[in-house]
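Structure, as C-alpha cells:
The values are calculated or read from the model by the stated rules, or taken from the named source; none is laboratory data. What you are looking at is a predicted structure, and each value in this text was computed from that prediction instead of being measured. Neighbour counts are summed over all protein chains in view; Cβ atoms, including those assigned to glycine, are modelled from backbone coordinates with ideal geometry. These accessible areas exclude ligands, DNA and RNA; they are computed on the full protein's heavy atoms, side chains included. Shrake-Rupley method; radii C 1.70, N 1.55, O 1.52, S 1.80 Å.
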Amino acid sequence: MLTTYDADADALYVQFSEHAVSRTDEVGPDVFIDVDSEGAAVGVEVLHPARPWSTREILNRYRISAEDRALFGAMFPDTAIEGHPAPFSQVAQYAEAV
C-alpha cells in the first residue's frame with residue numbers, strides 16, 4: 001500500500017495495487033475508488049481528507065488484500081462516525097502551515 005498527499009490539490013491517494021484502472025466509482029462526496037477489471041480496488045482518492053469520510057463502505061464493498069485492508073483500516077478509521085476525529089486533519093493542518 002502506498003499513500004500520497006498532494007497539498008496543492010488537498011488530495012489523498014491510497015494505492016493498493018498497480019493493476020490497470022477499469023473504472024472509477026464515487027462512493028461519497030469527494031471520495032473515489034479506482035477499480036480493476038476484476039472488481040478489486042486499485043486505489044482510493046479523497047479530496048479534502050481532513051473532513052470526515054467513511055472507510056467502512058470502501059472496506060465492505062471492494063476487494064482489498066487482507067494486509068492492505070488491515071493497514072488501511074488502522075491508518076484511516078471510519079471518520080463518518082459521529083464525534084470521530086478525521087485522521088488526516090493534522091497532516092492537512094501541517095501542509096497549510098508550510
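Out of (1) surrounded by fewer than 18 Cβ atoms within 10 Å (Cβ to Cβ); (2) over 11 Å from the mean Cα position of the chain (by Cα); (3) modelled with pLDDT of 95 or more, the odd one out for Phe32 is which?
Exception for Phe32: condition (2).
Each row is one residue, and each column tells you yes or no for (1) open to solvent by 80 Å² or more (accessible area, probe 1.4 Å); (2) out of contact with any helix residue (DSSP H, G or I) (no Cβ under 9 Å at 6 or more places or on another chain); (3) at pLDDT 95 or above.
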{"residue": "Thr3", "(1), (2), (3)": "no, no, no"}
{"residue": "Glu26", "(1), (2), (3)": "yes, yes, yes"}
{"residue": "Gly43", "(1), (2), (3)": "no, yes, yes"}
{"residue": "Arg51", "(1), (2), (3)": "no, no, no"}
{"residue": "Pro77", "(1), (2), (3)": "no, yes, no"}
{"residue": "Ala86", "(1), (2), (3)": "no, no, no"}
{"residue": "Gln93", "(1), (2), (3)": "yes, yes, no"}
{"residue": "Glu96", "(1), (2), (3)": "yes, yes, no"}
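Residues of region 25-69 being part of a helix (DSSP H, G or I) and either among the β-branched types (Val, Ile, Thr) or in contact with an Asp or Glu (Cβ under 7 Å, 6 or more places away or on another chain) (or both), which ones?
Once the filter is applied, which keeps residues that are part of a helix (DSSP H, G or I) and either among the β-branched types (Val, Ile, Thr) or in contact with an Asp or Glu (Cβ under 7 Å, 6 or more places away or on another chain) (or both), region 25-69 yields Arg56, Ile58.
Please go through region 5-15 and give me each residue that is of a type outside the set (Phe, Trp, Tyr), in a strand (DSSP E or B) and either open to solvent by less than 40 Å² (accessible area, probe 1.4 Å) or over 9 Å from Val44 (Cα atoms) (or both), ordered by number.
Asp6, Ala11, Leu12, Val14
Evaluate region 57-74: report whether one residue or more is hydroxyl-bearing (Ser, Thr, Tyr), surrounded by 13 or more Cβ atoms within 10 Å (Cβ to Cβ) and modelled with pLDDT of 90 or more.
So far as region 57-74 goes, yes, one or more of its residues are hydroxyl-bearing (Ser, Thr, Tyr), surrounded by 13 or more Cβ atoms within 10 Å (Cβ to Cβ) and modelled with pLDDT of 90 or more.
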